[in-house]
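Encoded as structure tokens, the structure appears first; notes follow it.
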Amino acid sequence: MRWLIAAYQPVGLFSLKHGEATSTGGKSLLVPTPFAIRTALLDAAIRVKGVDYGPQAFEYISSVYLAVRPPERVVVTNLFAKVLKPERDSERGRAMQQTIAFREYVYLGGTLELAAGGKPPALEAVASLVPHVTSFGKRGSLFQLMEPPQITDELPDGFTALD
């Protein structure tokens, strides 16, 4: 199987909560999930090539295997922040109430490498989308592609399969 390797540099802090986490709390995952990666690729496909390309891009994106090589250093910081949430008791006459929420942010020290494995047509389609991916997870979790993606015949050491 052939593999497409893309190296991303985090621009800021990364945050992606587990799907079952509540809005007021939840630990952040350390790397993007397969769902977050596929969603970012599909978002890029629709933004760059239009909505009509979406179903075809979905087929290509869903057919590839995914792997990740995390950076050498990872630091997790957490905090409690004041947030507004909808008021449950309508008798108080206000729409929002103040509460606290637990937040975690992850500093990725180094490059995050993603690999997609599959057949050449799918890899070509994904390779055209990789430069347009700018975030994984939450809106502020921005990444920058470091170099054009490379295609190899074997998955290099250090990668962990996500599927």
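The values are calculated or read from the model by the stated rules, or taken from the named source; none is laboratory data. These figures come from a predicted structure and were not determined experimentally. All Cβ positions, even for glycine, are placed from backbone atoms using ideal geometry, and neighbour counts span all protein chains on display. Please note that ligands, DNA and RNA were not included when accessible areas were found on the heavy atoms of the full protein model with its side chains. Shrake-Rupley method; radii C 1.70, N 1.55, O 1.52, S 1.80 Å.
Here are the numbers for the structure shown:
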| item | result |
| --- | --- |
| Any hit, the stretch 105-128, residues being of a type outside the set (A, V, I, L, M), more than 26 Å from R2 (Cβ to Cβ) and more than 19 Å from the chain's Cα centre (by Cα) | no |
| Exclusive hit being within 21 Å of F35 (Cα to Cα) and of a type outside the set (V, I, T), set G117, G110, G93 | G117 |
| Any chance Y53 is assigned to a helix (DSSP H, G or I), free of Cβ contacts under 8 Å to residues at least 24 places away in the same chain, open to solvent by 30 Å² or more (accessible area, probe 1.4 Å) and among the aromatic types (F, W, Y) | yes |
| Filtered residues of the stretch 8-27 (kept if open to solvent by 40 Å² or more (accessible area, probe 1.4 Å) and either over 15 Å from V76 (Cβ atoms) or charged (D, E, K, R) (or both)) | Q9, V11, K17, G19, E20, T22, S23, T24, K27 |
| Scan of the stretch 83-100 for residues that are modelled with pLDDT of 85 or more and hydroxyl-bearing (S, T, Y), ordered by number | T99 |
| Inter-residue pairs, beta-carbon under 6 Å, first closer than 9 Å to G26 by Cα and open to solvent by less than 90 Å² (accessible area, probe 1.4 Å) and in the stretch 93-104, second part of a strand (DSSP E or B) and acidic (D, E), 6+ apart | none |
| Top-ranked residue of the stretch 128-143 - restricted to ones that are open to solvent by less than 30 Å² (accessible area, probe 1.4 Å) and not polar (S, T, N, Q), ranked as nearest to G12 (Cα to Cα) | F143 |
| Any chance L30 is assigned to a helix (DSSP H, G or I), surrounded by 14 or more Cβ atoms within 10 Å (Cβ to Cβ) and not β-branched (V, I, T) | no |
| Failed item, numbered, when V106 is tested on (1) out of contact with any strand residue (DSSP E or B) (no Cβ under 6 Å at 6 or more places or on another chain); (2) modelled with pLDDT under 95 | (1) |
| Given (1) surrounded by fewer than 19 Cβ atoms within 10 Å (Cβ to Cβ); (2) closer than 19 Å to F14 by Cβ; (3) at pLDDT 95 or above, index of the condition L114 fails | (1) |
| Conditions (1) part of a loop (DSSP other than H, G, I, E, B); (2) crowded, with 17+ Cβ neighbours inside 10 Å: number failed by I5 | (1) |
| Qualifying residue in the stretch 145-159 (condition: of a type in the set (S, T, N, Q) and farther than 18 Å from P10 by Cβ) | yes |
| Extreme residue, most open to solvent (accessible area, probe 1.4 Å), among residues of the stretch 144-163 that are farther than 14 Å from A6 by Cα and in contact with a helix residue (DSSP H, G or I) (Cβ under 9 Å, 6 or more places away or on another chain) | D163 |
